[in-house]
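Please treat every number below as a calculation from the coordinates, not as lab data. Predicted model only: the values in this text are computed from it and were never measured. Note: ideal-geometry Cβ built from the backbone for every residue, glycine included; neighbour counts use all protein chains shown.
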Amino acid sequence: MLTIEEISKSYRRQKILHDINFSVKEGEILGLLGPNGAGKTSLMRIINQIIDQDRGHILFKGKVMRSADLAEIGYLPEERGLYKTMSVHRQLLYLARLRGMSKKDAKQQINFWLEKFSIEDWGKKRIEELSKGMAQKIQFIATVLHDPSLLILDEPFSGFDPVNIELIRDEIKRFKKEGRTILISTHNMNSVEAICDRAVLINQGEMLLEGSITNLRDQHKEGLYEICFEGNMISFANALWVGYEIIEKIDKGENQFCVRLKMRKENSINDLLNAVMGQVKILSVHEVLPGMDEVFVQQVQPKKEVEDE
Amino acid sequence: MNKILLIAKREIWERLTTRSYISLMIIGPLVVLGLLYIFLSSTGAKKQSWEVLIMDETELFENKLNPKKDPLFSIDFINAYIDYDEFANDKKFQKYDLAVWVNERVLKNKNVIISYRSKPSELVQRRLAHHVERRLEEILVKEFSSMSLKEFRAIKQPLQFSLKDTYDPRDKRSETSGWVGFVFGSIIIFFILSFGMTMLRGVAKEKSNRIVEVLLSSVSPSQLLSGKILGIGFAAFIQFVVWGVLISLGLWILRIVFFPDLLDPAMVANQLGEQANEVNSFAQQSPFVELIYKQIQYSNMLVFFSLFFIAGYLFYSAFFAMIGSSVGSESDGQQFVIPIVMILLLAIVAGYYEIYYPDSLLSEWLGYIPFTAPTVMMVELSYGFSNGGAWKLYLSLFILMISAIVFLILASRIYRNGILQFGHRLKLPLLLRWIKK
């Protein structure tokens, strides 16, 4: 659907993006991750042709992207706003017309979305009369009003209240179900794990990682397991002997414990179970995969440390 | 183009629904009419009775002017031609405030010279001119035509009256016409300032409320800027047209309500029976309309007013857009507006200078400098160009238009680079860097 090919951009002799390459497949949700100043917003602006890249291409549906393709994209920028003195209806109509919709279609879509969010009465209200949360809903409607096949959302959850975050999350999932493609940049790692199929991590303009969420977490696992049991903690620890390293133990009360541990040498999960099975009653056991926030920190941190030195 | 029109339409809509725009639409013409009323009722020396000497060497007027005596004038005739110096300095003529020179060629060239010691008001000028014109009509009909006076009035050409200072008769230019040009030029500057500030605030507001990035994902920066300039310019034009209509209407009402004595009593008497003709006479008799239609080349004035208005607006709006798009914060913009406002004030001063020193080298240069050209050239145009001198007007307009195009290109570069920059301090090197990119 969207291919980023060797995109580079500098500003005041400082590299903002360097040789970025990745694709967003049709119907998937791709998370664009990175710390502040990594270049995510610049990349999104380049895709939306708001700023020009110094080098590289953007392909949309296999062809070099043209300005006419923007009509198929819905863009929610991180820095967003609306005309405060314009009415909701007029504002949405104006933005939809700028996206190339006919007046008739735009009006139909506006009614559809206002009804969908149960805010039909707001049509004549000016934006300055709405609460922040209400204005956020209008902002989101403005992004999706023209029925785009590709949604580009820059920090869609920042600045939105929890109710609207949930609403946007649901809408994103629904868009995915309808087969649309979504590119999200966010700091909210819970959301990444919850809704993204794949992620790309960039830092200081360089691309560090690309892959499915499961693979990325799997690649960064550290052999950590969590076992929950009922019984005596000392008997459990004695049974482990030297083949395992206890990282953390949590007393759940009523003689129940959860322990996080790492295997030593060639030990496997089966060896662990064999060792403790006679000593305690096992309630659950699973491998602990790192969260995306840990993957994120792991990738970004070493570079920072090297720089600090 | 479609998107530019959409943006322009939104800008027009926003202006038309703004209270300040509507207020200006009504208050502006009222202020102008008020000033005009003061001008019309107070300009010139005030006298109860004016001593007039009519110099009629060939006794064309047969020592009479109007069958009804006008209390405003005390008229004497002299059957000799007296030159300006003699009239100005000879003791026996000192009692006369005004002199009317009627030479033997008046029936052909339609030129009558009125000279004054202290400048009479528009009202006095028009009344005296009216008496002279009516008398000449009678003579012309009697001598050369079998038509009735009424028929003749319908087809006759108007007389050309030249008003001269008795002590400075060679000053052929009428300052009054220069002031008309100055008013036109000042209106241009006023509209540029008013709508230029609207442009600046509009751009800065879109930037500060962050809608600009939403817009830029649908349109290019140059489309957005073009739409804004077009829309705000058109809103300014609508405002101007409404001003024009309201001022014309106001003048007509002023004339009827406040200056009925501008009408000749005979004309008033005839008015009921001669509606159609008298409507024309009515218009011709209005001081303001007379001023423009007879002393100024009105058609030229209007055409060039529009052209200088458009070019001047485009030229200055480029600067306002540059500032609006490049400021890091709203307070930052204020300090950059001051120099532009100073330049606009300078343009008004330049127009004022042009009235009094139209032939100076500085005036000539000010006419070509795009910043001051709109006012200076309006004054120059109202004075009229000597034969073959019109190229100056075209050159000035050409320079202004080229400058407008160049600065709009520079403005669009700054706009493109500056519109998404926030929180910086605006400095000249930064603007230059954005221009180069």
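Couple of notes before you dig in:
- Relative contact order of segment B:86-134, pairs being alpha-carbon contacts under 8 Å that are 6 or more residues apart, as %: 29
- Diagonalising the gyration tensor over the Cα atoms of segment B:50-172 and scaling each eigenvalue by 5 before taking the square root yields semi-axes of 25, 15, 14 Å, largest first.
- Pairs of Cα atoms farther than 49 Å apart, the protein assembly as shown, %: 44
- For A:Leu153, B:Leu428, B:Leu35, order by how many other beta-carbon atoms lie within 10 Å, fewest first: B:Leu428, B:Leu35, A:Leu153
- Cα Rg, Dmax (largest Cα-Cα span) when computed across segment A:222-287, Å: 10.6, 33
- Degrees between helix A:103-116 axis and first principal axis of chain A (Cα, 0 to 90, nearest 10): 40
- Around A:Gln139: net Lys/Arg minus Asp/Glu count, Cβ-Cβ under 11 Å: +4
- Label-point separation in nm, A:Val163 to A:Thr85, each point 7 Å along Cα→Cβ: 3.0
- Arranged from fewest to most other beta-carbon atoms within 10 Å of their beta carbon, B:Val212, B:Val219, A:Val88 become B:Val219, B:Val212, A:Val88.
- CD proxy at 222 nm, helix term only [per DSSP H run n ≥ 4: -39500 (n - 2.57); per residue of chain A; nearest 500]: -10500 deg cm²/dmol
- Relative contact order [Cα under 8 Å, 6+ residues apart], segment B:50-172, whole percent: 30
- Unit Cα scatterers, Debye sum, chain A: log10 I(q)/I(0) for q = 0.07, 0.08 Å⁻¹: -0.39, -0.50
- Based on C-alpha pairs under 8 angstrom that are at least 6 apart in sequence, chain A has a relative contact order of 21 percent.
- Averaged over A:19-32, number of beta-carbon atoms from partner chains that fall within 10 Å: 0
- Pairs from B:Lys69/B:Lys150; A:Lys124/A:Lys176; A:Lys125/B:Lys9; A:Lys9/A:Lys63 whose Cα-Cα separation, in the structure shown, is over 26 Å: A:Lys124/A:Lys176
- Taken residue by residue and averaged, Cβ atoms of other chains lying within 10 Å of the Cβ of A:49-56 number 3.
- Förster radius 41 Å - calculated FRET efficiency between A:Lys15 and A:Ile269, Cβ distance, rounded to 0.05: 0.35
- Ranked by how many other Cβ atoms sit within 10 Å of their own Cβ, fewest first, the residues A:Asp251, A:Asp105 fall in the order A:Asp251, A:Asp105.
- Chain A: angle of helix A:162-177 to the longest principal axis, Cα-based, in degrees nearest 10: 80
- Modelled FRET efficiency - R0 60 Å, B:Glu151 with A:Lys125, Cβ distances, 0.05 increments: 0.35
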